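See structure below.
The values are calculated or read from the model by the stated rules, or taken from the named source; none is laboratory data. What you see is a predicted model, and the numbers here were worked out from it, not measured in a lab. Positions of Cβ are generated from backbone atoms using ideal geometry, with glycine treated the same way; all protein chains shown enter the neighbour counts.
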Amino acid sequence: MREQDLFDKLRKIERLYAGATTHGEKEAAAEAIARIKRRIGETAKIDRPVEYKFTLVDGWSRKLFLALLRRYALKPYRRARQRRNTVMVKVPRSFVEETLWPEFLELSEVLQSYLDEVTERVISQGIYADEGDEEVVEDLD
């Protein structure tokens, strides 16, 4: 996958969760983000924000999640003595369930696939081309 293909895929996912109804929608990405921010505001009037604790498995996921929160003007934080992979945020439950978490999972899958592909290519071209798994041996103890 080329980097431009990755960006295109990420924009398509963004349009999906912003409520775009047609593939050829002319609205810019900024408009999609504005729609989601409005939805958060409207939802917060009905469904009060609650504190969520997210534990992310790796640095890439954490960076992606923080960027997604900040894009929607949400303020991520963590408490003193919480681990770096913990992200706290106050947000309406329905927004998390309908938009934030599903979008994060989809974006994360696309990004992880891209990073795996790049890693395999760099290792096979720069270190060693054999991509096989390690040998499984019986315990001799």
(Q) Considering only region 29-48, I want to know if a residue exists there that is surrounded by 11 or more Cβ atoms within 10 Å (Cβ to Cβ), hydroxyl-bearing (Ser, Thr, Tyr) and modelled with pLDDT of 90 or more. (A) no
(Q) Considering only residues that are basic (Lys, Arg), in a helix (DSSP H, G or I) and modelled with pLDDT of 90 or more, which ones fall in region 82-137? (A) ARG93
Q: Answer yes if at least one residue in region 79-101 is surrounded by 13 or more Cβ atoms within 10 Å (Cβ to Cβ), of a type in the set (Lys, Arg), touching a Ser or Thr at 6+ places or on another chain (Cβ under 9 Å) and without any contact (Cβ under 8 Å) to a residue 24 or more places away in the chain, and no otherwise.
A: no
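Is it fair to say GLY59 is exposed (fewer than 11 other Cβ atoms within 10 Å of the Cβ), closer than 24 Å to ASP5 by Cβ and within 14 Å of the chain's Cα centre (by Cα)? Give the steps one after another, and end with the answer.
Numbers: exposed (fewer than 11 other Cβ atoms within 10 Å of the Cβ): yes; closer than 24 Å to ASP5 by Cβ: yes; within 14 Å of the chain's Cα centre (by Cα): yes.
Yes; evaluated as a whole, the condition is true for this residue.
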Q: Give the residues of region 31-78 that are touching a residue at least 40 places away in the same chain (Cβ under 8 Å), over 20 Å from LEU107 (Cα atoms) and in a strand (DSSP E or B), sorted by residue number.
A: PRO49, VAL50
Q) Out of all the residues in region 40-70, which are among the charged types (D, E, K, R) and farther than 19 Å from ASN85 by Cα? A) GLU42, LYS45, ASP47, ARG48
